[in-house]
Structures are given as C-alpha cells and as structure tokens.
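The values are calculated or read from the model by the stated rules, or taken from the named source; none is laboratory data. All of these numbers come straight from a predicted model, not from anything done at the bench. Note that each Cβ is placed from the backbone with ideal geometry, even for glycine, and that neighbours are counted across all protein chains shown. Note: accessible area is taken over every heavy atom of the protein model, side chains too, but ligands, DNA and RNA are not part of it. Shrake-Rupley method; radii C 1.70, N 1.55, O 1.52, S 1.80 Å.
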Amino acid sequence: MDKALQLSQEFGLRYEYAANIIRLIDEGNTIPFIARYRKEMHGGCDDQVLREFADRLTYLNNLINRKEEIRASIEGQGKWTDELAAALEAAQTMTEAEDIYRPYKQKKKTRASVAVERGLEPLADIIWAQGECDDIAALAESFVDAEKGVETAADAISGAKDIIAERISDDAELRKKLREMLHSEGELVVRAAGEEDNPKRGIYETYNDFREKVRTLPSHRILAINRGEKDECLKAVIELDTELALNEIRKAFLKNSPFNAIMEEAIADSYDRLIFPSVEREVRGELTDKADEQAIKMFEVNLRPLLMQPPLKGKVIMGFDPGYRTGCKIAVIDENGNVLDHTVVYPTPPRNDTERSAAELMRLIKKYGVRVISIGNGTASKESEIFIADMIGKSGIDGLGYIVVNEAGASVYSASKLAAEEFPEFDVTTRSAVSIARRLLDPLAELIKIDVKSIGVGQYQHDMPQKRLTEVLEGVVEDCVNSVGVDLNTASQSLLSYVSGLNSSVAKNIVEYRKVKPFTRRSQLMEVPKLGPKAFEQCAGFLRIPSGENVLDNTAVHPEAYGAAEKLLAEFGLDDAAVREGRIKGLADKVKARGTEAVAAQLGVGVPTLTDMLKEMEKPGRDVRDELPPPVLRADLMDLKDLKPGMELTGTVRNVIDFGAFVDIGVHQDGLVHISEISNNYIKHPSEALKVGDVVKVKVIGVDTDKKRISLSIKQASGAAPRTEPPRRERRDDRPRDRQRAERDGRENRRQSLDEMLKALQNKYRK
C-alpha cells in the first residue's frame, strides 16, 4: 500500500506533500511544529488538517499491521493463495480485512464444526457444487453413522446445511454487499422498552414508535437512541426487506440444480441465524463510531474558540461564584491575576440579604477599581445575575458591567492538587471564585488547568470513547497553546506541559530552573535537565522571553531562522533595535517590491517562512487573540416574560450542536437557533456558520414562558446576509478532507420536527 498516494488523494494534496508529512510524523515531530515551521514541506496545511491526516495515517498503519497478521495466520495454516493476497491487498477497512480472515479464524464450537466432526463435510461439498443427482435421499443415506451421531438421512442433510450456512456467512464479498444494503435500504426502528415507571422514560418519548432510514440518521439522534437503550427505555433494531437480502444471496450462490430446495433452506438459515444478526451489530457499531466521531468533533469545534477567547487585559476583575445556602463566593484579582481580596455574600435564597451584599460588593468595587464582574453560570446563577444587574443599575458607575462565564470544571480545579499548590491559604470555594475571575483575564491559561473533558462544550460526553475524546481535546489545547505562545518565565507548569515537545516532567524542570536563573535567551533551554536537542527544536519557537537579550526570543521566529532574520534586517539597513522599537513597519512592502521569492531565495528560506518572519518582527510579543472581538459586557438583564416574538437582540453563541446553536441574549435562559434558522444559504452543519463566542444579531420567533423555551432566528434578523448562488461553504468544509468526507457520507437530513427540537431544549435544561 502506497500510503502517501492514498492520503494525497483523500486530502487533495500533492504527492510530495503527503510523503513529507508522513516522514515528519514518523521522525517524531509534533503537529504544532509541523504546521508552523515546516510549511514549505506540506503546502501550508493548518494544524486541524494535519491532525486529521495523522489520525488517518494511524488507521492505515494499523490496517497494514493487521493485514500482515492475517497473512501470517493463513500462511501458517497452509491455505494462502494468490486470490487471498489480491483480496487482502484490496481491503480498504479493518472490517473488510476481518471478513477475508473470517473463514480461517479459530472459531468456538458451532453447528457447522459439529457437522464436520461427524464426517458430513463431503456431503456439504456435493450439495455446494450443485451438480446432477438422481437420488438425494440415497446420497444422504450413505453418510448415516449412528456412532457419530448421524442417525438418519435427514440428520445428514441437516448437518450439511449447517456447514453450507456457515460458508455463506463467511463470504467476505457477500457480507460487504449486505452491509451496504443495510446502510442504503435499512430502517432503524425504535420502540419503548423496560419498566413503565422508569423515571427516565419521558426523556425518550420522541423516539417511541420511531423509524428512519439508516442512511439519513444524523449523529445526535443515533447517540440519543443509544443512550435510551442504555437506560433501558428504548429497544432499537435495523429492519431490512428479507426477500431483498435473500435475492442477493441467491444471486451469489444458487444454481439451478436438484439441490435447490436444500440450498434455499441453507440460505434462509444462514441469513436469519448467522448473517443478519452479525451484520446488524456491525452496522450499529459503524453508526455509533460515526456518531461518536461527530460528537467528539463538536467538542473540538466548540473548545477551540472557547480557549481562544481574547483575554480581558488591563482590568481589575471580580469573580462571582454563585451559591444558595453557603452564599456567593467573591474574589477580586488585579490585571496580572493576583488576588487582591475575597469574601462571601448572601444575596440569594434562603437569606436573600441583597442590601448588605450590594454594600459589600460596592465597597470592593470602589476600593480596587473593579470594572468587570465575572459570574459563573452554575447553581444560583440566575438569581445572582438579577442581583448584579440591579446593583450595577443603581451604582451610577460608568463602564461597570458583567459577563456570565462557563464555570464548568471550576469545582474540579478548586479541589485539585494544582489549586492547593497555587492557593494553599484559600479554601476550595475561594479558589473557585478566583478561577471564574481568571477565565476572563486569560481564558486559555486558566482553562488548561482543568481536565479537558470537564470543560463541557458538547453533548453525550460520558457516552464517548474516553481515550479518543481525551486525545482529540488535548490536541485542541496543544494547538491553541502553541498558536498563542507561552511566556517562558511566568507560564505555569500546566501551560508549559502543552507546549510542543514538552511534557509535564520537563515543564517542571523548566519551572525549577527559572527559580534559580530566569531565562534571558532561548538557548538556555538546552541547560534544562531532560530537554535535549529534539525537544528544543520542537518547543523553542513557541516559548517567549519578553525582556530577553535577543528581540527575536519574543517572537514566533524559530532559532533555526535567526540567521536569516538577521540577514534580512541587515539587507534593508535595520537591526534588533529597530525591531524592539517598532521601526520596521513597511519592511514587508519593501520585500514585496524587491520580489518575495527572490528575497526568500537569497536568505535560504521558503516564502511561507519569510512571510511569517516579517509578520512576527513587525510586532514582537503579539497575541493572535488580540485580533478577535473582545467579550461583550452587560449591565442589565431582561426577564423572560418581557421577550416578545419579533424583538431583535444581540447575543453570544454559547454552544454549537448538531441541530443548532444556543445563544445567550441576556435573559439568563439561552435561546435555541435551529439549523434551519441560521443561514439563508444551505449549510450541512451549524459549525459551518457559527462558533462559540460569536456575537450575533437574532430575532425572537417564539417564547414559551411555562417551559422556558426561546426560539431564535439569525437569518430573519434585519441585516442578515441574503442567499447567494451558489451557496459558499465556509470554515472547515473548505478543506479537501472535509469535502471528500461530505461526498462520501452523502447529504444527511438534519432537519428535525419542531417537537423534537423543543424536546431537545427541554431535556438540556432538565439535566
């Protein structure tokens, strides 16, 4: 198998780029390093494409290894043939490879193996050949052997049919066709199951007496049905026209012969007893795997913008961790994240001491110059938000506002060893308030302290394959940390451990080293224990030293390119001081005027490296997050009963899911924008148009105050983009791999009924 050829075709890459990526990965280079510093070798693929490429490469490597194991096993049995070699070489998936191996795999005791032991395989061979036979009864009679358990001719024929049924079941090509048939023609049929008094049964009411074509089942529906089965509330089966399947088997194995009746019975038995149950399990497994990957992809899609939210710089922030009986925990931090003060107030039930709570908070706000209050969105958040909005309205302080932040994982962090080491003098509740405040100050630096699975930016988190979920989410964190860069002298051990080429042990050694000798140049990294040349190559470009001896140490320019950077500056009459003082604006234009390719060749670097170098030197220490819109401050809060259809509001996307997006419009209750109300253009998935943190204009199209449901529309809001022809797909579907996947999977029906949409919203808040 030429992996480079196959991957180049799947990802729409030049062959040499695919071969280079494979070599770079095999050499132990990290994805962030390859994406940033080896652009010339892969044509500028971003980290997300490279991770998909790496995942696919791992699958192909595993497939190759499995094929070798299968070949060795069959050769060991002396049954290897050229036909098997060709079939195994052509197998594109693990399932197809296992189908080829199926007849040669050591099986447990079966009806067919018992029949073979009884000496009935020769009879099965005769029937299987479907030649001429004048007297089938006499033929079968010759195989009667009471000592072997074959009492009658009927017993002999029955055993032969068992052997034939297993042979049919083991046919790789037939199994592949029937799997495809289940995917294209099968229907998933779901009915209520279990005890009627099961308290969870109402959650799955939508799926009682439900059926849908397998080929159109969206991922979120598959996962919901799977969970319903796990909760013993649903029973799901795939139904397929039996005659359609039997005709496929007849076409493959049935000839016109005296043995037709026996073969028909063997075919029917093989399908009912062996093939269909097995293939149905395989198809259900494939559906689940596909749904899991889609759900994990949504975690990835939502986590990235959450981590990459722009930091709220230069502000004194008050963290507000809501609670009821134990009160609301308060922590004030300065613009560097240092804790200035902390306390507890009781504005929520059962005390409802709003007057004294407001007085205490106003004292802290005035004392420390607080201008932003960060409210956690957990228990008692609604009452806390109402209290804060009222307090701000009465304060008369210009510029004072609040933001509701996702507090998922704050309690996990506050009780962790890391939090105890960071704030040994605080109890867990105060640590939680500090974390909530810091999530505005620097979301990335704070959120990476938490187990990524606890951040809560997707659906069916606990149903996912946990190893795969962790692998993907940690990859997102790694990409985000390295795209932003890390201050080598101040970054926490947790943050450093996500830097390309580093691990927790080396990160700890860096922290210990700088306690004795702060970093003034990147080359000092080579003095850190366990940080060798390869690790230095991978990590150096992502580590910053703002006040270092060399201004390039505060940029993403890699040390391997320092010589080229210095030569570039000298070529245009500039030096380090010009970079440090910001006097090189216009250098990119001068390079372009001379010819970018010519200058790059003169420096001995590629055009992508030169382009990145110019951008970095123009603004040392730049933070890519500064280019994003800042979080929106709120000073007041609407009540749900004040919402009316037709109102237009500005909101922030809080979560993107398979069938829509939840948007915070300042009513505490998030509204749902169904996928059909996102864009005038066709979109296959909400993530093509929206991401977490997007500020959007929405129109209220429905309000149910009793059930606390808000239906919103983006496309109906004034100023919404009109439909264009042909519809342009944005974001990730612009990438070759996604286009190929879209073509392979076909167009899924992602529209739900209004009832199902509202049920999903109800269940979200019920949980």
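List of remarks:
- Restricting attention to the range 179-228, the residues being among the hydroxyl-bearing types (S, T, Y) and open to solvent by 40 Å² or more (accessible area, probe 1.4 Å) number 1.
- Answer residue from the range 370-388, given it is open to solvent by 10 Å² or more (accessible area, probe 1.4 Å) and either in a helix (DSSP H, G or I) or in contact with a Lys or Arg (Cβ under 9 Å, 6 or more places away or on another chain) (or both) and is farthest from C328 (Cα to Cα) among those: R371
- For the range 461-474, residues that are farther than 12 Å from K297 by Cα, under 12 Å from the mean Cα position of the chain (by Cα) and touching a residue at least 40 places away in the same chain (Cβ under 8 Å) total 1.
- If the condition is being assigned to a helix (DSSP H, G or I) and open to solvent by 100 Å² or more (accessible area, probe 1.4 Å), then the range 562-598 contributes R580, D589, K590, K592, R594, E597.
- Of all positions in the range 625-648, at least one carries a residue that is open to solvent by 60 Å² or more (accessible area, probe 1.4 Å), in contact with a helix residue (DSSP H, G or I) (Cβ under 6 Å, 6 or more places away or on another chain) and not basic (K, R).
- The condition of being in contact with a Gly (Cβ under 8 Å, 6 or more places away or on another chain), open to solvent by less than 40 Å² (accessible area, probe 1.4 Å) and not aromatic (F, W, Y) holds for N554.
- Lone unmet requirement of (1) under 30 Å from the mean Cα position of the chain (by Cα); (2) loosely packed, with under 15 Cβ neighbours inside 10 Å for V412: (2)
- Those residues of the range 94-125 which are open to solvent by 50 Å² or more (accessible area, probe 1.4 Å) and in contact with a Leu (Cβ under 8 Å, 6 or more places away or on another chain), in sequence order: M94
- Test: residue in the range 464-476 that is out of contact with any strand residue (DSSP E or B) (no Cβ under 9 Å at 6 or more places or on another chain), farther than 29 Å from Q538 by Cα and not polar (S, T, N, Q): yes
- Wholly enclosed strands (runs of 3 or more DSSP E) of the range 179-276 bearing at least 2 residues without any contact (Cβ under 8 Å) to a residue 12 or more places away in the chain and on the phi > 0 side of the Ramachandran plot: none
- Boolean, K148 is basic (K, R) and under 53 Å from the mean Cα position of the chain (by Cα): no
- Enumerated helices (runs of 4 or more DSSP H) restricted to the range 406-513, each holding at least 3 residues that are closer than 26 Å to I31 by Cβ and of a type in the set (D, E, K, R): 466-484
- Counted residues, the range 13-63 - those being touching a Lys or Arg at 6+ places or on another chain (Cβ under 6 Å), crowded, with 18+ Cβ neighbours inside 10 Å and more than 18 Å from Q538 (Cα to Cα): 2
- Filter pass, A156 being within 26 Å of L84 (Cβ to Cβ), crowded, with 19+ Cβ neighbours inside 10 Å and touching a Ser or Thr at 6+ places or on another chain (Cβ under 9 Å): no
- Taken over the range 617-650, the criterion of being at pLDDT 85 or above and either among the small types (G, A, S) or assigned to a helix (DSSP H, G or I) (or both) is satisfied by M617, E618, G621, V624, R625, G646.
- Filtered residues of the range 64-76 (kept if open to solvent by 20 Å² or more (accessible area, probe 1.4 Å) and not basic (K, R)): I64, N65, E68, E69, A72, S73, E75, G76
- Selection of the range 230-243 for residues being at pLDDT below 95 and open to solvent by 50 Å² or more (accessible area, probe 1.4 Å) yields K230, E232.
- Residue in the range 424-445 that is more than 19 Å from H342 (Cβ to Cβ), open to solvent by 20 Å² or more (accessible area, probe 1.4 Å) and either among the aliphatic types (A, V, I, L, M) or in contact with a strand residue (DSSP E or B) (Cβ under 9 Å, 6 or more places away or on another chain) (or both) present: yes
- Test for S395: is it within 30 Å of Q461 (Cα to Cα) and either open to solvent by less than 20 Å² (accessible area, probe 1.4 Å) or not aliphatic (A, V, I, L, M) (or both): no
- Flag for L287 being touching a helix residue (DSSP H, G or I) at 6+ places or on another chain (Cβ under 6 Å), assigned to a helix (DSSP H, G or I), closer than 30 Å to I136 by Cα and not small (G, A, S): no
- Qualifying positions in the range 619-637 - more than 29 Å from the chain's Cα centre (by Cα) and over 18 Å from I373 (Cβ atoms): K619, P620, G621
- Meets criteria (open to solvent by 30 Å² or more (accessible area, probe 1.4 Å), within 30 Å of C480 (Cβ to Cβ), out of contact with any helix residue (DSSP H, G or I) (no Cβ under 7 Å at 6 or more places or on another chain) and acidic (D, E)) for D82: no
- Residue match in the range 517-535 (condition: among the acidic types (D, E) and either free of Cβ contacts under 8 Å to residues at least 12 places away in the same chain or out of contact with any Lys or Arg (no Cβ under 6 Å at 6 or more places or on another chain) (or both)): yes
- Of the helices (runs of 4 or more DSSP H) lying entirely inside the range 26-101, the ones with 2 or more residues being closer than 30 Å to T609 by Cβ are found at 31-37, 39-42, 47-76.
- Residue within the range 342-363 that is open to solvent by less than 10 Å² (accessible area, probe 1.4 Å) and under 20 Å from G693 (Cβ atoms) present: no
- Criterion (open to solvent by 40 Å² or more (accessible area, probe 1.4 Å) and modelled with pLDDT under 90) met by exactly one of K290, K315, K297: K297
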